[in-house]
Amino acid sequence: MTESLEIAREAVREAASRMVILGEDFDAALQGLTESGAIGDDGLLAGFLSALAESLTEASEMRAALSHVMAATGDGLRLVASSTEAAEAASGEHLELRGESWA
């Protein structure tokens with residue numbers, strides 16, 4: 001029985017690019033909402049603002065962190081594809097030196 005691990009590197013690279021773009025789009029949308037005042041106190045919460053201030057700040061920080069995580073995930077997926085490609089190349093070279101084949 002032969003077990004193998006295969007990674008569709010090109011598909012991973014495409015997913016990585018999409019993830020980075022989604023992170024950038026998400027960040028841009030949040031900036032637009034924040035600048036327009038759509039995220040924050042709309043005047044109806046004035047009585048509760050002091051109690052909500054910390055929660056609103058934490059939520060804003062969480063949304064910003066999420067866009068960074070999305071971009072980092074895309075970068076990580078790119079690294080997986082590149083590392084897999086490099087490992088396959090190195091393994092193939094090692095086996096060729098010993099006169100063995102990869103598959």
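Just so you know, all these numbers are worked out from the coordinates, no wet-lab data involved. Being a predicted model, the structure only gives us computed values, none of them experimental. With ideal geometry, Cβ positions are generated from the backbone for all residues, glycine too; neighbour counts draw on all protein chains shown.
Around residue 20, what is the net charge, scoring Lys/Arg as +1 and Asp/Glu as -1 over all other residues with Cβ under 12 Å from its Cβ?
That works out to -2.
Give me a comma-separated list of calculated 3J(HN,Hα) values for the range 57-70, in order, Karplus coefficients 6.51, -1.76, 1.60 applied at θ = phi - 60°, integers in Hz, x for any Gly or Pro.
5, 5, 5, 5, 5, 5, 5, 5, 5, 4, 5, 5, 5, 4
Could you work out the local net charge near residue 82, counting Lys and Arg as +1, Asp and Glu as -1, over the other residues with Cβ closer than 15 Å to its Cβ?
That works out to -2.
Could you tally the net charge around residue 62, taking each other residue with its Cβ under 14 Å from the Cβ of residue 62, Lys/Arg +1 and Asp/Glu -1?
-3
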